Every structure is written in C-alpha cells, then in structure tokens.
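Below is one structure; the comments refer to it alone.
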Amino acid sequence: MNDGATDGAGAGGRAASDGGGQAASGADGQPAEGLPRGNLAEVPPGGPLCLTGRIQVEVNGEIVADTDDVALCRCGHSGNKPFCDGSHKAVGFDDPGVILGGRLVPGGDEAGEDDPVLIVCATNGPLLVRGPLTVVAADGATAQGTKGALCRCGASSTRPFCDGTHRETGFEAG
Ligand code: FES
C-alpha cells in the first residue's frame, strides 16, 4: 500500500506545502482553530485539494493511500496523479480557491463525522466522494456531505466540484 502522505514531494506523493496557498489544518492532524471537525478538503487558491482526517484514496479498485493528510491534484497536470507533484505552480493553475458552484449531497447511509472518507478516482474523470467530508474554501465557505464529485482536470466551471468538462477536454489521468 502506498501512503501518499509519507511519499514526500520528491517521490511525487504529495506536495501540500507547495500549494498555491497553504492549507489551514494543524500539523498534528487536528483542524486548525475555526475549522470544522472530521474529514476536510481544503482548497487553497491555485493549489491542490488538501485532505485531512481519515482519508482513503482508491485507483482502479486499489487503495493507494490510507492516511490522515494528502494532497490530490486538481489542476490536471500532475505527473503523479492522483497526487499533487507541484506542477500546478509550473502551469500557473488559475483558481481562486472558492466554491464556484456544485455541492456535496447527503448520502443515504448514516455516516458519522468520525468515519473515513473514500475518494474514488474515476477513470479519466473526477474524484468521487464516498463518506463524510467538508470542503473548506479559501474564503471560509464550506460544503458538507457524503457524496459528490470533485474536479481533477482543472477545467470545471464549478470548481472545486466537477461539471463534466473533463469529457470535453479529453482529460487523461494516466
Ligand atoms: S494541483 Fe498540484 S500538480 Fe495539480
């Protein structure tokens, strides 16, 4: 199993601290003051999706990260998808870090805030949320739920959520 949190930016595993803005979670894995409890997805401007909490990441049916802190690419240009490798800086990912549209929805199950969230990487598509998650935008706006689709091609008009544009742009996750 590959823990994306411990690979380090050199291996391309994660690069949260190289984001266009620093995520606000505390270094001890606990949310910084003012942030909601539970699993968080912070959205720094021009940077990756910074996930903290109980996070599992699935690619092709395999768990590739089981961690409390991981940065997933949302600019579409990482050479190590689904993880951020810092490429957003080179490509000048232009994103305000706010919720432009879209939302998470409540699931049919009784997910508690301490339950893990599974992030399923759809083939050449978005990051599918399966479990409790709160998206925290750079302006403090939040979106909470247990199901949804987060953009990872960088072209959605409803970032950080998917609007289906990846199909038009021919996004390839590699
Ligand atoms: S968001 Fe960092 S490489 Fe895409």
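Worth a mention:
- Proxy reagent accessibility, fewest Cβ within 10 Å first, across L51, L118, L133: L118, L133, L51
- Virtual spin-label span in nm between R167 and V98, 7 Å along Cα→Cβ: 2.9
- Charge sum, other residues only, whose C-beta stays under 13 Å from V135's C-beta, Lys/Arg counted +1 and Asp/Glu -1: +2
- Taking a Cβ cut-off of under 10 Å around H166, the surrounding Lys, Arg, Asp and Glu residues balance to a net charge of -1, with basic ones at +1 and acidic ones at -1.
- Ranked R74, R167, R159, criterion: other C-beta atoms within 10 Å, fewest first: R167, R159, R74
Here, each number is a calculation from the coordinates, and none is a lab measurement. Predicted, not measured: the structure shown is a model, and the values here were computed from it. In this analysis, Cβ positions are derived from the backbone assuming ideal geometry, glycine residues included, and neighbour counts consider all displayed protein chains.
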